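Below is one structure, written out as structure tokens; the observations come after it.
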Ligand SMILES: C[S@@+](CC[C@H](N)C(=O)[O-])C[C@H]1O[C@@H](n2cnc3c(N)ncnc32)[C@H](O)[C@@H]1O
């Protein structure tokens with residue numbers, strides 16, 4: 001957790017009007033509040049409030065790369081149109097007809113998969129252990145909740161800034177309602193040809209580095225999910241934790257490994 005924070009050098013405001021917001025977030029994340037008049041060092045990651053919301057910027061040798069989670073942008077809207085209930089993710093989750101499982105997305109990231117599932121009608125709980133990403137997600141969810149075209153989708157998304165293992169232990173050991181499905185999307189290893197990697201993935205790798213290459217709580221998830229655990233993998237990758245799934249839904253570049261659980265469908 002501390003390592004992730006250290007990779008983000010602070011919170012900045014693009015204009016003096018946004019400074020109070022930046023200061024408030026800096027306090028919340030226990031990060032420095034950066035002076036908007038001071039130039040930012042090269043090879044630095046920071047959060048920046050701009051008039052259209054919160055961005056993460058990577059000052060990459062004089063070429064800043066920026067990204068904002070924006071559920072109204074094309075990146076997310078495309079997900080409303082492509083595939084519907086026939087797409088691999090929907091099949092793997094177990095969406096059938098009007099049956100919409102409840103999903104715990106234990107590795108929320110930029111919430112593209114959560115948004116897809118919520119747009120199909122699933123209630124989705126999102127867990128993100130990077131406090132920086134969780135802050136970006138919280139701000140994006142809040143902003144999108146005022147957009148009447150997607151407000152109903154956003155209302156199906158509940159975010160917790162927490163490590164999945166901690167949350168799964170809490171669900172396993174308490175008399176709490178359990179999700180039908182736990183979804184895990186571990187980071188793919190960084191690709192060599194950086195130009196081919198989309199800018200948001202470059203920034204994600206900068207932010208999380210090797211912190212994300214860790215054992216994923218597949219076995220624990222299987223004690224919590226009432227129906228199935230779904231793991232997204234690169235098409236050719238080995239099984240997560242060397243555990244063979246019940247079946248696979250195979251796509252062009254990735255696949256979904258489905259582990260049916262005890263109280264299964
Ligand atoms: C590949 S990204 C997920 C992308 C996401 N499916 C999407 O559609 O945008 C993996 C994310 O999982 C988060 N993560 C990794 N381990 C975690 C854990 N134990 N608990 C919560 N989040 C975790 C990482 O911080 C990262 O943001």
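Out of (1) modelled with pLDDT of 95 or more; (2) closer than 23 Å to residue 92 by Cβ; (3) within 15 Å of the ligand (Cβ to nearest atom), the odd one out for residue 156 is which?
The single condition residue 156 does not satisfy is (3).
Go through (1) surrounded by fewer than 17 Cβ atoms within 10 Å (Cβ to Cβ); (2) at pLDDT 90 or above; (3) assigned to a loop (DSSP other than H, G, I, E, B); (4) more than 13 Å from the ligand (Cβ to nearest atom) and name the single condition residue 226 misses.
Unmet condition: (1).
For residue 53, are the conditions met, namely being over 19 Å from residue 137 (Cβ atoms) and assigned by TED's automatic domain parsing to the domain that holds residue 23?
In short, no.
Looking at the structure I just gave you, is residue 66 away from the ligand (no atom under 16 Å from the Cβ), under 21 Å from residue 161 (Cα atoms), modelled with pLDDT of 85 or more and not in a helix (DSSP H, G or I)?
Criteria not met by residue 66.
What number of residues within segment 96-130 are modelled with pLDDT under 95, more than 7 Å from the ligand (Cβ to nearest atom) and within 29 Å of residue 32 (Cα to Cα)?
0
Output the residues belonging to segment 81-95 that are farther than 22 Å from residue 247 by Cα and more than 16 Å from the ligand (Cβ to nearest atom).
81
The values are calculated or read from the model by the stated rules, or taken from the named source; none is laboratory data. Bear in mind that the values here come from a model prediction, so they are computed numbers and not experimental data. Don't worry about glycine lacking a Cβ; one is built from the backbone with ideal geometry, like all the others, and counts go over all protein chains shown.
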